[in-house]
Amino acid sequence: MKNTLLLVDDEPNILKSLSRVFDEEGYEIFTAGSPEEALDLLKNQNVDVIISDQRMPTMTGSEFLSRVKKQYPDTIRMILSGYADFNAIQSAINEGSIYKFLNKPWDNDELKKNVYEAFKQHTLNMKHKEQEQELTVLLKFDKLTGLLNRFSFIQSLTDAIQPEDKETTSFALMLIDIQHLSQINNEFGQEFGDQIILEISNRLKIWADPSYLISRLGGDEFAIVIFTDIKNKKFLETTIVELCSFLRQPFNINDSKIIVGSNLGISLYPTDANTSDPLIKCAKLALLKNQAEAGKDCQFYDVSLEKGITTSIQLETDLHQALEKNEFRLLYQPMVNQSGYIMGVEALLRWNHSKHGILSPDKFLSIAETTGLILPIGKWVLQTAIKQLKIWHDMGYSELQVAVNISANQFRDPNLYQYVSDALKTFNISPTCLILEITETLIMNNIEINTTLLKSLREIGVKIAMDDFGTGYSSLKYLNTLPINILKIDQSFVREMLHSKNTADIVITIIALGKNLNLAVLAEGVETKEQQDFLINNHCELLQGYLFSSPDKASEITKKLLQQFRI
Ligand code: C2E
Ligand code: CA
Ligand code: CA
């Protein structure tokens, strides 16, 4: 397709000589003698680049271009003016309505060059947009079943609970867990397990009304929203009994007949909870109860289920003292470049609990988050990691970087910026050697405040990595406005990319997107040589995973620094 250029000026002879400048450039050129005429033309004509005069009788060029920006944001818009109009259009430039200010009278070559560059920018923007759209679609659905994945399901669930609908909306949220799937995988192979998942998803689709939301949350877990009048318990119960007997029918897979059990937990909106997270928690509690008590088809949530959660309370009590008792440890995991050179290490937290032994973050992080203990713990992690980095720098690995995970609540802590910069100063570490890892969902929850905080950290040179990238697709559209340096492709993609074409495409697109935005791309969870080769062949810059090293004590990392890795 030809590049299209629109020229707008109220003086016909200027329009003529302007058009002549581009005679030989091969663009398709449109002209308009007024902003109104131009706006009319834009309704039917796709235009890439616009050059507009500033002083026109009915509307200034900057007003005109602001309007165009609103309706046709993809256009590249430039002002051509002979007067010292720069101040008058400053605000239009600042708000992004104007890409460039060009001087009248113009120099032909200069003008051609500017327009050439504008087209180049346009092509780049379009390519970037296309990649984002592609990725957004790819990331919305579960790769195996085509059902909504966890993130888009939670988003749809949240959308279903719009405040204005509170009076009229009611629904049941059902969680389904397939029994013994991991045993089935072990015994018959992953492919067999996948077929079962697919067959179950087909049964759910056949059973469900088109209005229901169906999702595979992950692994062996499905979720369904049944829109219905929940006061009509009879209908709900019949529907669920139907589903249960349908799921109990034997599966015919590769000539074998197999019966797969499932557990169901159900919560009701709005009676049990009126926001998505608590609603899911209620259904989850019901599901756990259903799993514990064999023999029942399904379990509805009720408050008495809340009593069973005592172990986490004990852990919470212990967690309060863990810092004082010096029970936290940091392990480090190398991040390597394509030649196996360790460019940095990620600090990963462990809790050496006096009774339970070494605990991973998944056992205690959510407690730390809800109790606010994550703030002092997070501060300790940061200081300890920087102190250790100083030791490595002093040994001669002076370019080594350390990555520290920052959680949502830490991010809301107004002191974060201060203690990060203090810690760097105390140990005389260059900010460029510190990487803060944050997750997509974290930024999304408060995009403006977070962007400001990120920017101020970036200004002093601290690097920002977006962790678990791809699992929270909603931030894609903000990606080019966020001050980040590194994209970390979530390990779930790396795990599946060699088995699923779709996932391989996602990985390749993320790498391309990163390149386009000038970001370094790191793949997490690299476990095999085949995964490494695939990633390197597709130009992924950085790798991390068990293939190189699992998270390890600082002293072990020191040995690995001496040897480095070979790829
Ligand atoms: P993450 O940031 O995504 O960290 C990567 C996790 O993947 C780590 O789990 C790591 O041990 C594991 N891993 C690394 N390579 C491989 C591999 O090749 N295969 C597989 N299957 N797994 C691999 P870990 O240490 O249990 O940490 C879990 C999560 O806890 C982290 O996920 C991070 O979100 C959080 N976390 C860890 N340390 C901290 C911390 O100091 N502060 C905060 N706020 N969060 C932390
Ligand atoms: Ca991380
Ligand atoms: Ca991660």
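The values are calculated or read from the model by the stated rules, or taken from the named source; none is laboratory data. Just so we're clear, the structure is a prediction, and the values are computed from it rather than from any experiment. Ideal geometry is used to build each Cβ from the backbone, glycine not excepted, and the neighbour counts take in all protein chains shown. The protein model used for the area step is the full one, side chains on, heavy atoms only, and it has no ligands, DNA or RNA in it. Shrake-Rupley method; radii C 1.70, N 1.55, O 1.52, S 1.80 Å.
Worth pointing out:
- With all protein chains kept in place, the per residue accessible area of the chain amounts to 50 square angstrom at a probe of 1.4 angstrom.
- Listed by chain and number, the lysines whose C-alpha is less than 21 Å from the C-alpha of Lys289, apart from same-chain residues fewer than 8 away, are Lys233, Lys281, Lys307, Lys363.
- Value of Rg to Rh for segment 515-567, rounded to two decimals, is 1.03; Kirkwood radius and Rg both from alpha-carbon coordinates.
- Annotation: lysines with alpha-carbon distance below 27 angstrom to Lys43 (same-chain offsets under eight excluded): Lys2, Lys16, Lys69, Lys70, Lys100, Lys112, Lys120, Lys127, Lys129, Lys477.
- Ratio Rg/Rh, restricted to the chain and using Cα atoms, in which Rh is the Kirkwood radius: 1.04
- Taking amide H atoms as placed 1.01 Å from N in the peptide plane, the amide H of Glu346 lies under 5 Å from those of Gln333, Met335, Ala403, each 5 or more residues away in sequence or on another chain.
- Averaged over residues, the count of other Cβ atoms within 10 Å places the peptides 397-408, 235-246 in the sequence 397-408, 235-246, highest first.
- Rounded to the nearest 10 Å², the accessible area of Thr136 at probe 1.4 Å: 50 Å²
- MRE, 222 nm, helices only [DSSP H, n ≥ 4, -39500 (n - 2.57), over the chain, to nearest 500]: -14000 deg cm²/dmol
- Options Ile226, Gln183, Gly193, ranked by Cα towards positive dipole end of segment 175-266, top entry (Cβ charges): Ile226
- The chain, accessible surface, carbon-and-sulfur percent (1.4 angstrom probe): 50 percent
- In terms of the mean number of neighbouring beta-carbon atoms within 10 Å, the peptides 216-229, 552-565 order highest first as 216-229, 552-565.
- Evaluated over the Cα positions of segment 92-213, the convex hull gives a direction-averaged projected area, one quarter of its surface, of 14.4 nm².
- Highest-first packing order for the peptide set 101-110, 264-273, 173-182 is 264-273, 173-182, 101-110, based on the mean count of other beta carbon atoms within 10 Å.
- Farthest toward positive dipole pole in segment 1-70 [+1 Lys/Arg, -1 Asp/Glu at C-beta], among Gly33, Ser19, Gly61: Gly61
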